[in-house]
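Every number in this text was worked out from the coordinates using simple rules, so none of it is lab data. Note that the structure is predicted; figures quoted are calculated from it, not measured. Cβ placement follows ideal geometry from the backbone for every residue including glycine, while neighbour counts extend to all protein chains displayed.
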Amino acid sequence: MNNEEFAQKNTCCLKKVLVTGASGFIGSFLVEGGLEREMQVWAGVRKSSSRTYLKDPRIQFAELDFAHPGRLTEQLAVLNNCMGDGIISFIVPV
């Protein structure tokens, strides 16, 4: 099974996805992959994050507070209740 077949097999059920670390190099490619598969993509970013690689108008943004774990947990719970399908986490500590 090649990468594309694997991706299609494992994402066919997802309609909405949150990608944390979306402003990074790899995260931005995960966002793009979700959009190519016609998912509703939420990009989880820090308020100060560059959005250079996140120009597609279909991307929805969630500014997350990674510095405060309690607040982040609350934010993710709210997003999970709204979206429900999946979270892809690609966070690099700063």
Members of the range 13-31 that are over 20 Å from N80 (Cβ atoms) and either surrounded by fewer than 21 Cβ atoms within 10 Å (Cβ to Cβ) or out of contact with any Lys or Arg (no Cβ under 7 Å at 6 or more places or on another chain) (or both): G24, F25, I26, S28, F29
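Would you tally the residues in the range 32-59 being under 11 Å from A22 (Cα atoms) and exposed (fewer than 15 other Cβ atoms within 10 Å of the Cβ)?
Our first condition is that a residue be under 11 Å from A22 (Cα atoms); within the range 32-59, this holds for 32, 41-46, 49-54, 59.
Still in the list and also exposed (fewer than 15 other Cβ atoms within 10 Å of the Cβ): 50-52.
Looking only at that region, the number is 3.
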Number of positions in the range 33-47 that are part of a helix (DSSP H, G or I) and over 10 Å from the mean Cα position of the chain (by Cα): 3
Residues satisfying the stated conditions in the range 66-78, i.e. under 14 Å from V19 (Cα atoms) and part of a loop (DSSP other than H, G, I, E, B): F66
